[in-house]
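To start, the structure itself, in structure tokens.
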Amino acid sequence: MMAARGLGANQAALLKYANSGDTPFGDRDQVVGYGAVAFWQGSPLPSTPAAPSSGNPMAVIPLRAGEKARLLAVARETIARYLQAGFSPALEVREPALQQKARVFVTLKRGGNGGDASVRY
């Protein structure tokens, strides 16, 4: 938050808040909280037509299963290429839903903890 302010951000919007107790196997006695906040410089964002009833100005069009699979493939290829060659590949993404400005959370796991990347949209 301090870095965003230092870079000139004067607006913020809570995108999502949840905790580990919100999962089907979560223990509500001991939780870890997760928050996603967007920071930007300028005026508050107007509501978007993508999800007018949500009240979330940062709402995006939901991805279908095939688009999510493509996004995961792009994330995996980008990470692998960067680790192998030191640069990100030039990928051509043609799916309109994947060209919208959105947010992605990528979790990297190593060793006995999964061994590959997963992407949550």
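The values are calculated or read from the model by the stated rules, or taken from the named source; none is laboratory data. Keep in mind it's a predicted model, so treat the numbers as computed, not measured. Please note: Cβ atoms are built from the backbone with ideal geometry, for glycine as well, and neighbour counts cover all protein chains shown.
Residues GLY111, GLY66, GLY115: which one is farther than 19 Å from TYR34 by Cβ and modelled with pLDDT of 75 or more? Outline the logic, then answer.
Details: GLY111 fails: modelled with pLDDT of 75 or more; GLY115 fails: modelled with pLDDT of 75 or more.
Going through GLY111, GLY66, GLY115 in turn, the sole match is GLY66.
Mind checking which pairs have a first residue in segment 2-27 that is in the same structural domain as SER43 (by TED's automatic domain parsing) and a second that is assigned to a helix (DSSP H, G or I), Cβ under 9 Å, 6 or more apart or different chains?
ALA9/ALA3; ALA12/ALA4; GLY26/SER20; ASP27/SER20; ASP27/GLY21
ALA50 versus (1) modelled with pLDDT of 80 or more; (2) part of a loop (DSSP other than H, G, I, E, B): which is the lone unmet condition?
(1) is the only condition that ALA50 fails.
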